[in-house]
Amino acid sequence: MNISKQLDNGCLTLVLQGRLDTTTAPLFEQELQNDLDGVTMLRLDFEQLAYLSSAGLRVILETQRRMNQQGSMVICHVSDTIKEVFDITGFSALLTVE
């Protein structure tokens, strides 16, 4: 998985490419822990995300909880496959998906 970052006035955008699974979720979690201080808006761009596992869902949920305390989080450019994962797991009700 590749992660591209852009920080602009407290808005952090992360573009994920590849698979967010058991192997890559710890990397994603570490990147988030290192970069979220002072961030009031987090945008996760999933346009190039091909796969999302339960390990990735766990990191997303933890990140949503943190961002609820310090700002907001939006997930954008979600494929139909990833959207279906969010719908089946009930995450659609917990996340802001554009």
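The values are calculated or read from the model by the stated rules, or taken from the named source; none is laboratory data. On a predicted model such as this, the values are computed, not experimentally measured, just so you know. Neighbour counts run over all protein chains shown; Cβ positions are idealised from the backbone, glycine included.
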Practice problem: Give me a count of the residues in segment 3-45 that are assigned to a strand (DSSP E or B) and either touching a Lys or Arg at 6+ places or on another chain (Cβ under 8 Å) or among the β-branched types (Val, Ile, Thr) (or both). | Solution: 6
Self-check item: Subset of segment 63-84 (residues that are closer than 19 Å to Ile3 by Cβ and not in a strand (DSSP E or B))
Solution: Thr63, Gln64, Arg66, Met67, His77, Val78, Ser79, Ile82
Quiz item: Any residue at all in segment 50-62 that is without any contact (Cβ under 8 Å) to a residue 40 or more places away in the chain, farther than 16 Å from Leu95 by Cα and assigned to a helix (DSSP H, G or I)?
Solution: yes
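Do the conditions hold for Gly38, that is, is it at pLDDT below 95 and surrounded by fewer than 17 Cβ atoms within 10 Å (Cβ to Cβ)?
Yes.
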Quiz item: Looking at Thr24, Thr40, which one is under 23 Å from Ser92 (Cβ atoms) and of a type outside the set (A, V, I, L, M, F, W, C)?
Solution: Thr24
